[in-house]
Each structure stands twice: as C-alpha cells, then as structure tokens.
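First up is the structure itself, then whatever we jot down about it.
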C-alpha cells in the first residue's frame, strides 16, 4: 500500500491516516482510490471495532489536490468524474460502516477534507483546527456529502452561510455551533481521540452500527418508517451475545463486558 494512506490496528481501534503532509494531505486520484480501499478494509476488519480518521502533519485534509485538478482542466478531463467514482464511494463506505468512526481533526479541514470529517460519527478537533467549505471559492458546488451532512450538524441557515460565504471556522466556534463534538489542546488530540475510540471499541459494536443505521434511515423517512426500521434493528441486536450477556450483567448488578458480537 502507498505511504500516502496508512492503516494500523491497536487495541481494537483501526486508525486511518492521510499521510501526505507536504501537500496538506490534499487528495490526488491515487490517494482517493487508496483511501476508499482502506475504509473498506477497516469496515471489514474484525480486529477494528472503532475507527479513527486523521491527518499527518499540520493539516487534516485540504481537500482536492488543485495542482492535479488544474492539470485535468488543462487537458480537457474536467472533473474526470471524480465525485461519482471516488469521493461518493468513500463517504458512503464511512457512513455505512457498521462501527463508529471518529474524526481526529488536527488542522485545516477544507473542501472535501471537511466533508470527510463531517461524514464521521464523532469529531474531536484540535484547538488549532479550522474548517472551511471552500467550494464556492473556486466556483464549485459542495460535494462528498457536505450538502447533506452540514445542514444536519448546524441547521440549514448556518449551512447556507458557511457554504455561500466560505469563511473559515475556528475550532472554538465550530464547537459552539455544534459542528464538532469536542475541542482539545493540540498536543492532547491524539490521546483524546484514541481514548474515545477505545471506549467505543470496547462497547456493543452491533448496537453502535444499529444506531448509525437508525439515524441514517430516520433522516430521510417519515415517523412510521423510522419506527419500523427501529423494530428491525432491535430484532437484530436482540440476537447478539452482547445483548444477552449485558442483560444478565445488569440483573446481577455487574458491569457488562462487550465482545462486539
């Protein structure tokens, strides 16, 4: 695997690191293919019960590599269908992963880089992190799910403001508006995100996956449909050994131990 995307599993946590620090982890075509393959790998890896997405160096991800994009424009390739072929599958793979995904945002998250963070289930940001939608600054529409995720995080009015004006949002403001879950000092980002992911990795993995599935379904369906989906997911969770063991532990006034199955 290319060194531009790293993958490691420790203590039940799979960590995906965008590793192109000299380019602020901006995404080339090759890197997008590797990221998609790595996300799919993490989703299928039984050793990883929670996943962290982060960036190496001073940036989380600056979005599309504009040098490569400029070359594509000059050669007549345009967008080269990268949104459909690369970005969309990455976002769908992360959002559809039946285990929790934590974004550890260490610096700038711009354009599709911000979209990747917003597609995660929880976001822990360094106090040096900044978020920028960036798309209109180069005359483009949002992609990688930002039109869907952003308004669900901060509401339609604020999402419209962020997308239309493209003004960067610093970490404290991002926390205040509900864009991120936690902000920590820069030197505490790695341990804080790992601690959170380990906590999730020790939990009921199937139930966490069901939470994601229920939220995703309810976001675009009416109440009756959401109720039925909840019933289906409850039936799935009831069959897990984690549910049965945790119920017995509760009755015995003991702390449950979850095995993720």
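Expressed in nm², what is the orientationally averaged projection area of the convex hull enclosing the Cα positions of region 141-257?
10.3
Could you compute Rg(Cα) / (2.2 N^0.38 Å) for region 5-201, with N its residue count?
After normalising by residue count via 2.2 N^0.38 Å, the value is 0.95.
At 222 nm, what value in deg cm²/dmol follows for the chain if DSSP H runs of at least 4 each add -39500 (n - 2.57) and the sum is divided by all its residues, to the nearest 500?
The helix contribution divided over the chain gives -14000 deg cm²/dmol.
Where does each of 243, 221 land when they are ranked from fewest to most other beta-carbon atoms within 10 angstrom?
Going from least to most buried by this count: 221, 243.
If the chain between residue 92 and residue 234 were fully stretched, how many nm would it gain, using 0.36 nm times the residue separation less the Cα-Cα distance?
Result: 48.8 nm gained on full extension.
Nearest 0.05, what FRET efficiency do residue 222 and residue 128 give at R0 = 51 Å with Cβ-Cβ as r?
With a Förster radius of 51 Å, E is 0.75.
Between residue 245 and residue 80, 0.36 nm times their residue separation minus their Cα-Cα distance comes to what?
Length gained between residue 245 and residue 80: 54.3 nm.
With label points built 7 Å along Cα→Cβ from the Cα atoms of residue 176 and residue 214, find their separation and express it in nm.
Modelled inter-label distance: 3.3 nm.
We did not get these values from a lab; they are worked out from the coordinates using the rules stated. The model shown is predicted, which means the values in this text are computed figures rather than measured ones. A quick note on method: Cβ atoms are made from the backbone with ideal geometry, for glycine too, and the neighbour counts reach across all protein chains shown.
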